[in-house]
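For reference, the structure discussed in these notes is given below.
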Amino acid sequence: MARSAAIGKPPVSEALRTGLIFGIVEALTPAIGWTAGVTVSRYVQTIDHWIAFILLSGVGIHMLYVAFQGSADTAPKGRSVAALIATAVGTSIDAMAVGASLAFLQVNIIVIAIAIGLATFAMSSGGMLVGRLIGNRLGKVAELVAGLVFCGLGTMILIEHMS
């Protein structure tokens, strides 16, 4: 929602693109974890909190930077695919470990991955569309809050896994 508000009424195609990227990444990460199984999962679990922290904090710091740049009339025009993928990976890296644990439960990972991907697509696209209603009046504030939330989320993941 914050990104949509900061962009200032992005087209529906931008909301769908965001939802598609988040949905695909969120569907792939548990499937990758499931495929990799226990062996690779152990290696990822030892550093997944650092990966999530770096990605989420990096995106959050970038959002804070954008929030403080330019005039009040200047809203960012969009988000690169690379930035969206980094954000999506940062928010779903722990799903890889969940996918590895699903390998022991004899579940149909394809059905689960599709359900996760569709739910994420709907929520991400919906969030972007709701952000359109907020408008660019609150865009800089929303970008600032979202940046702080991403930094906080990355930090919480790091602290949780280190304690």
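The values are calculated or read from the model by the stated rules, or taken from the named source; none is laboratory data. If you're wondering where the values come from, they're calculated on a predicted model, not measured in any experiment. Methodologically, a virtual Cβ is constructed for each residue, glycine included, from the backbone with ideal geometry; neighbour enumeration extends over all protein chains shown. When the accessible area is computed, the model is the full protein with side chains, heavy atoms only, and any ligands, DNA or RNA have been set aside. Shrake-Rupley method; radii C 1.70, N 1.55, O 1.52, S 1.80 Å.
If we keep just the residues of the stretch 111-163 that are within 15 Å of residue 92 (Cβ to Cβ) and touching a Pro at 6+ places or on another chain (Cβ under 8 Å), which is least open to solvent (accessible area, probe 1.4 Å)?
Per the criteria, the residue is 113.
Among the candidates 84, 102, 118, single out the residue that is closer than 29 Å to residue 58 by Cβ, out of contact with any His (no Cβ under 7 Å at 6 or more places or on another chain) and at pLDDT 90 or above.
118
Any chance you could count how many residues in the stretch 48-80 are modelled with pLDDT of 80 or more, among the aliphatic types (A, V, I, L, M) and open to solvent by 70 Å² or more (accessible area, probe 1.4 Å)?
Here the count works out to 2.
Regarding the stretch 26-35, can at least one residue be identified that is closer than 18 Å to residue 131 by Cα, open to solvent by less than 30 Å² (accessible area, probe 1.4 Å), modelled with pLDDT under 85 and not hydrophobic (A, V, I, L, M, F, W, C)? Steps first, please.
So the first thing to find is which residues in the stretch 26-35 are closer than 18 Å to residue 131 by Cα, and the list is none.
Looking for residues that are closer than 18 Å to residue 131 by Cα, open to solvent by less than 30 Å² (accessible area, probe 1.4 Å), modelled with pLDDT under 85 and not hydrophobic (A, V, I, L, M, F, W, C), one finds none in the stretch 26-35, hence no.
Search the stretch 143-162 for residues that are closer than 14 Å to residue 54 by Cα and pair each with any residue that is open to solvent by less than 80 Å² (accessible area, probe 1.4 Å) and not in a helix (DSSP H, G or I) when their beta-carbon atoms are under 9 Å apart and the residues are at least 6 apart or on different chains.
157/93
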